[in-house]
Amino acid sequence: MIRTVGISLFLLAAGLVAITTSAPDPVAAQEKKTQPKKAPPKKRDAATAADLYAAPGFKVELLYTADPGTEGSWINMCTEKPGKLIVGGQGGQPVLRFTIAKGEVSGVEKLKLPISETMGLLYTSDTLYVTGAGPKGYGLYRCKEGSDGTFDVQPVKIFGSGGEHGAHAVVLGPEGKLYAINGNHTNVPEGISPTSPHQNYAEDHLLPRQPDGNGHATGRMAPGGYILRSEPDGKSWEMVVAGFRNAYDMAFNADGELFTFDADMEWDWGMPWYRPTRVNHCVSGAEFGWRYGTGKWPAYYPDSVGEVVDIGVGSPTGVTNGIGAKFPAKYQKALYLCDWTYGRLLAVHLTPKGASYTATYENFVAPIGLVKKDAPKKPLNLTDAVIGSDGALYFTTGGRNTQGALYRVTYTGSESTAPADLHDKVGADARALRHKLETFHGKTDDPKAVAKLWPYLGSDDRAIRYAAEVALEFQPVSEWLSKATSETNPEAAITALLALARVGGPKTQPELLAALDKFPLAKLTDEQKIEKLRVLGLSFIRQGPPANGRKIIAEVDGIFPGSNEWVNREAFQVLVYLNAPGIVAKGLKQMAAAKTQPDQIHYLFRLRTAPIGSWTMAQRKEYLGYWTNRKKLPPDPALVTWFEEAGRGYADGNSFNNFLKNFLKEAVANMSAAEQKELAPTLAAIAKDITPSYEVKARPVVKQWKTDELLPLLDKVGAARSYEKGREAYAAAQCLKCHRFGESGGSVGPDLTAISSRFGRKEILESILEPSKVVSDQYQNEVFRTASGKTVTGRVVDETAKSIAVQPDPLSPERVMIAKDDLESRTASKLSPMPANLADVLTQDEILDLLAFLESGGRKDHRVFRK
């Protein structure tokens, strides 16, 4: 479910791998042997009202704190009958029914429901729909409660994938249909309707991409995360929207428009393909362009739908609307988003823009330390929110074994809370037009469809153009090919030719390129330039290389470089693909002139595969100068601002250094043997420089520390600790080898700079001393067993249709290749890659100083170091 850094803190190479050919299964035996005895989890402190900020006029209350041993860690919630809430969680614990009376919890009932790990809950028409681990596997179930409290549980759709990037929320649409949202590790189930609005998806990259530098989501192909729609009986399913990374929840506004909250991988911070955490408008047929590794589509691509508003950084979980809230009208109309990492409940205020929306946002509830300088920031791991029958907003915390709790937000100010008209009259006609165009999505049987949609291909409203273009893709190409190639309006022509590039097939390419040629790039707006360049790219991807690229090179070269960096990026890719004369020199010049790190890295990345004959030796040396004479440029200023809003300083993502290593590796592979020989000394120096060594002097064991003996001492972390001793302890426990903290440290484990915004002292201590207690999907090794007798444990760093590349040791570049036709089984390892007992070389005071150091985020002036 949750997409932030994992809770296991200190990953090391020692003991991570098992590659054997013996008959017994050593990995399984080791896992069984080393699994800690599970003591009943202990209740932890939850953030109280005094720890939290609420928007002016609002009050937040802590109503109930979960018993982790019997009630779990909560991740999902829905309203049931008046005064009732259904809450589900992790850890195999039962789903709970809360009774709320007079603003307090008056009863808690454990439901007789054979489903756990509930990622989605919906109650409608006396039926409870649950997404979770049930009798038939992980999927969506329809549950009817009998008079004796037992449930008749029937599978609606089995998805087969749970976990943090698996099947998630289910909501009821305004037309009475079910909508289910699934993360990017969930395969599209069989039986999806051929009339689905979202079809024709592909990776659609003009130039080669790279997998994530740390192997995250490698091989997870389009469509990525997606939304399905069905009648309540679940017999027929359509794919409505796709291209998410891991959107977890969604909500409709009063006008029946659907929205969700999604994020790219935080390991990509600082790279040109990183897109901020965002609100998406889930229109029919929408594509949001998540692709693994470096392959994310920019939001400006015309074959995708951009964001409503960028939130910045965060970890999206629950989403709800304010319909039914006893709040002022502005907040009745708002969307509410849960940010698990930084503990923010965000209120999003939508403003119609044509047939779609823009928005602003504010902290509605947050740790008080986010809004009051130097105040403590107690973790608030928000997972879900709903509006109760009493008009209050309720939200839960939990996930990844953090403390489950239930909170209530009410309005105590002087503004009217009477039910308001929440419908937007502004934009209503445009949205109605969009909906009319969307009726053609997936439909091919209306002979008048082309005539009806054609006038809107040239609309100045992107949402209308998109709806019309998707509709056009479903109509027989023979009915509109001549119209597309003879269209004289530039916007309409480019939009129609976009559809032709996607569905027209190779035979239509000559006509497509001839039609595009009528609209010279130099005479188009910047937006139209991007659109035309994308159509060219899609044509090359889906229809093949052009027969005569020289004319295209001359046209694109004539506008590169220009004043718009987005246009430059797309033009440069086309020129590299066509191996334009002088493109290396131009790319190097753009690198040198770049003002920000993402701009610079874009050209560094795209140049790495420019053909061998394109380079001079001087240019090779200039390119390598990025590593030998590197002058770090500033990050995207907007990203820095978003980091500040989240209460932390900027840092490059966890995969940043490994991406750079991989760029260099591909660039060297693209050199001639003679070039490699001449540049060998430089390459050796670079390799040494970009592979930092964090050698740690061996220390004797002090004692085998147990969590229980240190828990009573955690209050001593709050003041008068030593920054220097904490930093020394961080190195002595070998954390530095695998974890970034600020601007230093390894990258095979999670970045720990902002660990205290997500986890309290108890959770951090547990993760140090008991690393296998909770293992995030993002850092979980896999165990591969082959028919030829091998057992390999490690992280997948590349995957193709025929083979899997596994990195057993995160501190070594060595890989083990496994042929898929030799693969017997593939399972998730239950062991954390991080060994236990690393803190046993520390004294009691050093452990407390280490905890203070982690809590400080690296700030020497933090309150934990004050006398």
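In the set (1) of a type outside the set (Ser, Thr, Tyr); (2) surrounded by 24 or more Cβ atoms within 10 Å (Cβ to Cβ); (3) over 22 Å from ARG727 (Cβ atoms); (4) out of contact with any Pro (no Cβ under 8 Å at 6 or more places or on another chain), the condition left unmet by LEU848 is number (3). With the structure loaded, tell me whether PRO808 is surrounded by fewer than 23 Cβ atoms within 10 Å (Cβ to Cβ), out of contact with any His (no Cβ under 8 Å at 6 or more places or on another chain), of a type outside the set (Ser, Thr, Tyr) and farther than 30 Å from ARG721 by Cβ or whether it fails that test. Criteria met by PRO808.
Filtering the stretch 55-64 to residues that are under 15 Å from THR397 (Cβ atoms) and either out of contact with any Leu (no Cβ under 8 Å at 6 or more places or on another chain) or not aromatic (Phe, Trp, Tyr) (or both) leaves VAL60, GLU61, LEU62, LEU63. Just one of the listed residues (LYS830, LYS820) is charged (D, E, K, R) and touching a helix residue (DSSP H, G or I) at 6+ places or on another chain (Cβ under 7 Å), and it is LYS830.
Residues are listed down the side, and each one gets a yes or a no for (1) within 20 Å of GLY72 (Cα to Cα); (2) open to solvent by 30 Å² or more (accessible area, probe 1.4 Å); (3) of a type in the set (A, V, I, L, M):
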position: SER125; (1), (2), (3): no, yes, no
position: ALA167; (1), (2), (3): yes, no, yes
position: LEU172; (1), (2), (3): no, yes, yes
position: GLU175; (1), (2), (3): no, yes, no
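Report yes if some residue within the stretch 719-739 is within 26 Å of the chain's Cα centre (by Cα), closer than 27 Å to LYS665 by Cβ and outside any helix (DSSP H, G or I); otherwise report no. Yes, the conditions are met somewhere in the stretch 719-739.
Take ASP152 and tell me if it is touching a residue at least 12 places away in the same chain (Cβ under 8 Å) and either more than 23 Å from THR218 (Cβ to Cβ) or surrounded by 22 or more Cβ atoms within 10 Å (Cβ to Cβ) (or both). Criteria not met by ASP152. Screening the candidates THR99, THR118 for the property of being in contact with a Lys or Arg (Cβ under 7 Å, 6 or more places away or on another chain), among the hydroxyl-bearing types (Ser, Thr, Tyr) and surrounded by 14 or more Cβ atoms within 10 Å (Cβ to Cβ) yields one hit, THR99.
Does THR317 fit the bill of being touching a Cys at 6+ places or on another chain (Cβ under 7 Å) and either of a type in the set (Gly, Ala, Ser) or touching a residue at least 24 places away in the same chain (Cβ under 8 Å) (or both)? Can you show your working first?
Values: touching a Cys at 6+ places or on another chain (Cβ under 7 Å): yes; either of a type in the set (Gly, Ala, Ser) or touching a residue at least 24 places away in the same chain (Cβ under 8 Å) (or both): yes.
Against the criterion (touching a Cys at 6+ places or on another chain (Cβ under 7 Å) and either of a type in the set (Gly, Ala, Ser) or touching a residue at least 24 places away in the same chain (Cβ under 8 Å) (or both)), THR317 qualifies.
Identification of helices (runs of 4 or more DSSP H) wholly contained in the stretch 507-601 with 1 or more residues that are touching a residue at least 40 places away in the same chain (Cβ under 8 Å) yields 526-543, 565-577. Among what's in the stretch 246-303 and is hydroxyl-bearing (Ser, Thr, Tyr) and part of a loop (DSSP other than H, G, I, E, B), pick the residue that is least open to solvent (accessible area, probe 1.4 Å). Across the stretch 246-303, the extreme among qualifying residues is TYR248.
Considering (1) of a type in the set (S, T, N, Q); (2) closer than 24 Å to ALA729 by Cβ; (3) under 28 Å from the mean Cα position of the chain (by Cα), the lone condition that SER812 does not fulfil carries the number (2).
Here GLU555, GLU570 are screened, and the one residue that is more than 26 Å from ASP268 (Cβ to Cβ) and of a type outside the set (A, V, I, L, M, F, W, C) is GLU555. Scanning the stretch 622-637 for residues that are aromatic (Phe, Trp, Tyr) and within 30 Å of the chain's Cα centre (by Cα) yields TYR626, TRP627. Of the residues screened, VAL108 is one that is touching a residue at least 40 places away in the same chain (Cβ under 8 Å), more than 29 Å from SER284 (Cα to Cα) and among the β-branched types (Val, Ile, Thr).
Being open to solvent by 10 Å² or more (accessible area, probe 1.4 Å), at pLDDT below 95 and either closer than 18 Å to TYR53 by Cβ or in contact with a His (Cβ under 8 Å, 6 or more places away or on another chain) (or both) is the requirement here; does LYS333 meet it? The answer is no for LYS333. Among the criteria (1) buried (at least 21 other Cβ atoms within 10 Å of the Cβ); (2) closer than 19 Å to PHE560 by Cβ; (3) of a type outside the set (Val, Ile, Thr), the one SER614 does not fulfil is (1). Scanning the stretch 623-646 for residues that are open to solvent by 20 Å² or more (accessible area, probe 1.4 Å), assigned to a helix (DSSP H, G or I), over 30 Å from MET671 (Cα atoms) and not aromatic (Phe, Trp, Tyr) yields a count of 6.
Look at (1) open to solvent by 10 Å² or more (accessible area, probe 1.4 Å); (2) modelled with pLDDT of 95 or more; (3) at positive phi and you find that THR417 fails only one, number (3). Selection of first residues in the stretch 688-717 that are more than 20 Å from ARG761 (Cβ to Cβ) and of second residues that are open to solvent by less than 50 Å² (accessible area, probe 1.4 Å) and aromatic (Phe, Trp, Tyr), restricted to Cβ pairs under 8 Å at least 6 apart or on distinct chains, gives the following pairs, ordered by first then second residue: ASP689/TRP627; ILE690/TRP627.
All of (1) touching a Leu at 6+ places or on another chain (Cβ under 7 Å); (2) open to solvent by 10 Å² or more (accessible area, probe 1.4 Å) hold for ASN548 with one exception: (1).
Hey, ASP798 hits all of (1) touching a residue at least 12 places away in the same chain (Cβ under 8 Å); (2) surrounded by fewer than 16 Cβ atoms within 10 Å (Cβ to Cβ); (3) not aromatic (Phe, Trp, Tyr) but one; which does it fall short on? ASP798 satisfies all of (1) touching a residue at least 12 places away in the same chain (Cβ under 8 Å); (2) surrounded by fewer than 16 Cβ atoms within 10 Å (Cβ to Cβ); (3) not aromatic (Phe, Trp, Tyr) except (2).
Yes/no per residue for (1) aliphatic (A, V, I, L, M); (2) under 24 Å from THR753 (Cβ atoms); (3) at pLDDT 90 or above:
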position: TRP642; (1), (2), (3): no, yes, yes
position: ARG648; (1), (2), (3): no, yes, no
position: ASN654; (1), (2), (3): no, yes, no
position: LEU711; (1), (2), (3): yes, no, no
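Among the candidates ALA819, ALA839, the residue that is surrounded by fewer than 22 Cβ atoms within 10 Å (Cβ to Cβ) and more than 26 Å from the chain's Cα centre (by Cα) is uniquely ALA819. Candidates ASN670, ASN658: the one that is farther than 30 Å from LEU370 by Cα, in contact with a Lys or Arg (Cβ under 7 Å, 6 or more places away or on another chain), in contact (Cβ under 8 Å) with a residue 12 or more places away in the chain and of a type outside the set (A, V, I, L, M, F, W, C) is ASN670. Scan the stretch 103-111 and give yes if some residue there is buried (at least 16 other Cβ atoms within 10 Å of the Cβ), touching a Pro at 6+ places or on another chain (Cβ under 7 Å) and not in a helix (DSSP H, G or I), otherwise no. The answer is yes, given that some residue of the stretch 103-111 is buried (at least 16 other Cβ atoms within 10 Å of the Cβ), touching a Pro at 6+ places or on another chain (Cβ under 7 Å) and not in a helix (DSSP H, G or I). Of the candidates GLU675, GLU695, GLU666, the single residue that is open to solvent by 30 Å² or more (accessible area, probe 1.4 Å) and not in a loop (DSSP other than H, G, I, E, B) is GLU666.
The values are calculated or read from the model by the stated rules, or taken from the named source; none is laboratory data. These numbers were taken from a predicted model, which means no experiment stands behind them. All Cβ positions, glycine included, derive from the backbone under ideal geometry; neighbour counts span all protein chains shown. Quick note on the areas: whole protein, heavy atoms, side chains included, nothing else; ligands and nucleic acids left out. Shrake-Rupley method; radii C 1.70, N 1.55, O 1.52, S 1.80 Å.
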